[in-house]
Amino acid sequence: MEGIRAMFKELDELLRGRRTGQNPVDAGAGQMDAEALLKASLILGLCYGAFMGLYGSLNGNVLQVLASACKVPLLFALTVLVTFPSLYVFAAMTGARQGPRPMLQVVLSAAAVNLAVLASLGPITGFFTLTTTSYPFMKILNVFFFIVSGCIALTFLRNSLNQMEDGPQSPPRPPRADEAEPIIGRGGVRQVFTVWLALYAVVSLQMGWVLRPLVGDPQAPFAWFSPRGGNPFGDFWGALVKLLGG
């Protein structure tokens, strides 16, 4: 019980902004308890995934709940694994002073924020699961919740990375005579991070498509994964057309 309390206390501190910005240049995200955040993120991902899978289990197949619960944390873990190397390389090219570990901690903290927002929306997903029979509506609802939580998390990540480099109370550091000029000047930091955030969003979207179905269709037989093919944009548009009666 103490371990669970410590995990969610760390998450609460993060959501209240008490784990970033205190001394970002020197410590980055080092004041975070990364292990506690990872455990809390896993629990939150499992919870929201279970809510997602609940709709597909209305035909009596509870395996969809288990499958979706496992896939949501996996979605975030694989997205971070695929996109983090490019973030570090981009940051290094702009002359970032932080090493890979502080940057990884900040990325993981952003994922924790994302999952916390999603988990907070889980009861709403459960409510609509029990009060609607429209599969397209449930798919669009969950996509909308992922977009909302993702935008919040990416804003958190961008602000955290800016704090790591600048620090609200840190005086400008004069360049040393022997300091190498970064490949991409510091004036391009915002543009580079904007490009990376777009890459992160696209990879996350495609990763969710690879791991589908996250919201199972109760009228279809259970399957751990759907056949390869199609794209998330076409599927979303098809669900929207069906929802609107087209």
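The values are calculated or read from the model by the stated rules, or taken from the named source; none is laboratory data. Note that this is a predicted model, so its numbers are computed, not measured. When we count neighbours, we look across all protein chains shown, and the Cβ atoms used for this are built from the backbone with ideal geometry, even at glycine.
Look at the stretch 72-93: where a residue is farther than 14 Å from Leu205 by Cα, no partner that is modelled with pLDDT of 95 or more and outside any helix (DSSP H, G or I) sits 6+ places away or on another chain with Cβ atoms under 9 Å. Give the number of residues within the stretch 62-83 that are surrounded by 18 or more Cβ atoms within 10 Å (Cβ to Cβ) and either among the aromatic types (Phe, Trp, Tyr) or not in a helix (DSSP H, G or I) (or both). Counting residues in the stretch 62-83 that are surrounded by 18 or more Cβ atoms within 10 Å (Cβ to Cβ) and either among the aromatic types (Phe, Trp, Tyr) or not in a helix (DSSP H, G or I) (or both) gives 1. Which members of the stretch 1-21 meet the condition of being at pLDDT below 80, loosely packed, with under 15 Cβ neighbours inside 10 Å and closer than 22 Å to Ala153 by Cβ? Selection gives Gly17, Arg18. Any residue in the stretch 87-101 that is closer than 12 Å to Ser41 by Cβ and either buried (at least 16 other Cβ atoms within 10 Å of the Cβ) or among the aliphatic types (A, V, I, L, M) (or both)? No. Which one of these does Thr133 not meet: (1) of a type in the set (Ser, Thr, Tyr); (2) assigned to a helix (DSSP H, G or I); (3) surrounded by fewer than 17 Cβ atoms within 10 Å (Cβ to Cβ)? Answer for Thr133: the failing condition is (2).
The residues of the stretch 106-128 that are over 13 Å from the mean Cα position of the chain (by Cα) and surrounded by 20 or more Cβ atoms within 10 Å (Cβ to Cβ) amount to a single one, Thr125.
Listed here are the residues, each with its yes/no results for (1) at pLDDT below 90; (2) over 24 Å from Pro85 (Cβ atoms); (3) hydrophobic (A, V, I, L, M, F, W, C).
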site: Glu181; (1), (2), (3): yes, no, no
site: Ile184; (1), (2), (3): yes, no, yes
site: Val195; (1), (2), (3): yes, no, yes
site: Gln206; (1), (2), (3): no, no, no
site: Val215; (1), (2), (3): no, yes, yes
site: Ala220; (1), (2), (3): yes, yes, yes
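Quick check: anything in the stretch 84-95 among the hydroxyl-bearing types (Ser, Thr, Tyr) and outside any helix (DSSP H, G or I)? Steps first, please.
Start the filter on the stretch 84-95 by keeping residues that are among the hydroxyl-bearing types (Ser, Thr, Tyr), which leaves 86, 88, 94.
Now restrict to residues that are outside any helix (DSSP H, G or I): 94.
Yes, because at least one residue in the stretch 84-95 is among the hydroxyl-bearing types (Ser, Thr, Tyr) and outside any helix (DSSP H, G or I).
Yes/no matrix, rows are residues, columns are (1) out of contact with any Cys (no Cβ under 9 Å at 6 or more places or on another chain); (2) part of a helix (DSSP H, G or I); (3) without any contact (Cβ under 8 Å) to a residue 40 or more places away in the chain; (4) surrounded by 12 or more Cβ atoms within 10 Å (Cβ to Cβ):
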| position | (1), (2), (3), (4) |
| --- | --- |
| Val192 | yes, yes, no, yes |
| Leu197 | yes, yes, no, yes |
| Val203 | yes, yes, no, yes |
| Gly208 | yes, yes, no, yes |
| Leu214 | yes, no, no, yes |
| Ala220 | yes, no, yes, yes |
| Phe225 | yes, no, yes, no |
| Gly230 | yes, no, yes, yes |
